[in-house]
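What follows is one structure encoded as structure tokens, with my remarks underneath.
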Amino acid sequence: MVQVQFLGPIGLPPREVEAKSLRELAKKLGEDPQVKKWLAECAVAVNDRIVKDLDAPLKSGDKVALLPPVCGG
């Protein structure tokens, strides 16, 4: 299981999901309408490192964070 954190305005509690890759995780998270709308806009961090490759492997205990775009100044 990987722990998924939804940061900022996403506003959802963390959840644990069984997934072997970011692609598989995205597919499972996309089944939730509240999460699906954020998937295309968010950066993704695995264990505090930004990852862009959807084929990146995941292992049990990994922490995945969805990082929505923010603006400020």
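Among the residues making up the range 13-43, a single one is farther than 18 Å from Ala56 by Cα and aliphatic (A, V, I, L, M): Val35. Exactly one residue out of Lys37, Lys28 is under 11 Å from the mean Cα position of the chain (by Cα) and of a type outside the set (A, V, I, L, M, F, W, C): that is Lys28.
None of the figures in this text is laboratory data; all of them are computed from the coordinates on show. It should be emphasised that the depicted structure is a prediction, and the values quoted were computed from it without experimental measurement.
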